[in-house]
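One structure is given here, and the rest of the page talks about it.
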Amino acid sequence: MITVVFNQKGGVGKSTITVNLAAIAARRGLRTLVVDLDPQANTTRYLLGEAAESAEPTLAEFFDQTLNFKLNPRRTEEFVLPTAHENLALLAGHGALEELQGKLESRYKIFKLREALRELAAQFDRIYIDTPPALNFYTRSALIAARWCLIPYDCDEFARRALLQLLDTLEEVRADHNPELQLAGIVVNQFQSRATLPRQAVEALIDQGLPVLEPYLSSSVKVKESHQKSLPLAALEPGHRLAQEFAALFEAIEARTAG
């Protein structure tokens, strides 16, 4: 099962959501792959720590290989890197992805990620794709490659308006390139239950009939600690309230995407 975590807005928790859902899947014995398409490579650093600086080969090298004929190209599985977590592997992001984007667009390499993940599908039970905060070559590649899409939502009016545009983008990709793409749900992130505006924002989505997943993810400084230690919260402190919310969210997503 291939799931993309997608939102054009930055700071909505895409990397945190991607890594923690993947870590939970891996801890439950599912062979799990994380794909980091963001040139900022935050997900790669989250999983590898300081080793991210020297990690190779990366997705930049994978995409560069699609642009140039090589007598002995690397096989797709050679780009998969291990992590310190059992059952959890990574296709690493890199800053050079930014430089490659224009060439990849002009050469119409938009289906290369889908081809690669289909090659790897037999080796993994779950694949999670983290995307950059933009609608660009890499996010479109991810939407074309995925079966399911999760949209992080951070409970303000600007986010609600942007969400409607995201849904239009999903429909466009489904119509033009990937008829199997479905919205798995909207993930409410950094939710403050005692505040009126976040509650109203979520209720507005539900009133529109949109698939808002529960539980909502609460705000916690523990997330920053997990980033600093390069440990998913689900591994750093499984008993923490937010870690338990991630676990319950994982179950909700599994139930919704079953079959």
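Computed packing ranks the peptides 201-210, 26-35, 12-21, 44-53 as 12-21, 26-35, 44-53, 201-210, most packed first, by mean other Cβ atoms within 10 Å.
Put a plus charge on the Cβ of each Lys and Arg, a minus charge on the Cβ of each Asp and Glu, and nothing anywhere else: the dipole of the chain about its Cα centre is then about 180 debye. Rounded to the nearest angstrom and listed largest first, the equivalent-ellipsoid semi-axes of the chain from its Cα gyration tensor are 28, 22, 16. The alpha-carbon of residue 224 sits under 27 angstrom from the alpha-carbons of these lysines, leaving out residues fewer than 8 places away in its chain: 9, 14.
Can you pull a Stokes-Einstein diffusion coefficient for region 198-259 at 20 °C (1.002 mPa s), Rh from Kirkwood over Cα pairs, as a whole number of µm²/s?
For the chosen part, D equals 163 µm²/s.
From helices alone, the chain scores -14000 deg cm²/dmol at 222 nm; the rule is -39500 (n - 2.57) for each run of n ≥ 4 DSSP H residues, then divide by the residue total.
What is the gain in length, in nm to one decimal, between residue 206 and residue 121 on full extension, counting 0.36 nm per residue of separation less the C-alpha to C-alpha distance?
On the way: separation 85, 0.36 × 85 = 30.60 nm, distance 3.36 nm.
Additional length available on full extension: 27.2 nm.
For the cross-link pairs 109/229; 112/229; 70/103, the ones whose C-alpha atoms lie over 24 Å apart are 109/229; 112/229.
Separation of region 177-192 and region 5-19, taken as the distance between their Cα centroids, equals 11 angstrom. Using only Cα positions of region 93-218, each an equal point scatterer, no hydration layer, compute I(q)/I(0) via Debye at q = 0.15, 0.16, 0.21 Å⁻¹ and quote the log10 values to two decimals. At q = 0.15, 0.16, 0.21 Å⁻¹ the computed log10 ratios are -0.80, -0.89, -1.24. Treating r as the C-beta distance of residue 68 and residue 28 and R0 as 25 Å, the FRET efficiency rounds to 0.05. Among 145-151, 106-112, 94-100, the peptide with the highest mean count of other Cβ atoms within 10 Å heads the list, and the full ranking is 145-151, 94-100, 106-112. Spin-label model, residue 165/residue 84: points 7 Å from Cα along the beta carbon direction are separated by 3.9 nm.
May I ask you to derive the relative contact order of the chain, considering only C-alpha pairs under 8 Å and at least 6 residues apart, and to give it as an integer percent? RCO, the chain: 26 percent.
Looking at region 147-259, what % of the alpha carbon pairs are farther apart than 16 Å? Intermediate results must be reported in sequence, preceding the final value.
On the way: 4047 of 6328 pairs.
Here the tail beyond 16 Å accounts for 64 percent of pairs.
Helices that extend 18 Å or more along their long axis by alpha-carbon positions and average at least -1.0 on the Kyte-Doolittle scale are, among the DSSP H runs of the chain, 14-27, 157-176, 241-257.
No value in this document is a laboratory result; all are computed from the given coordinates. The structure presented is a predicted model; accordingly, all values stated were derived computationally and were not measured. Using ideal geometry, Cβ is built from the backbone for each residue, glycine included, and neighbour counts are taken over all protein chains shown.
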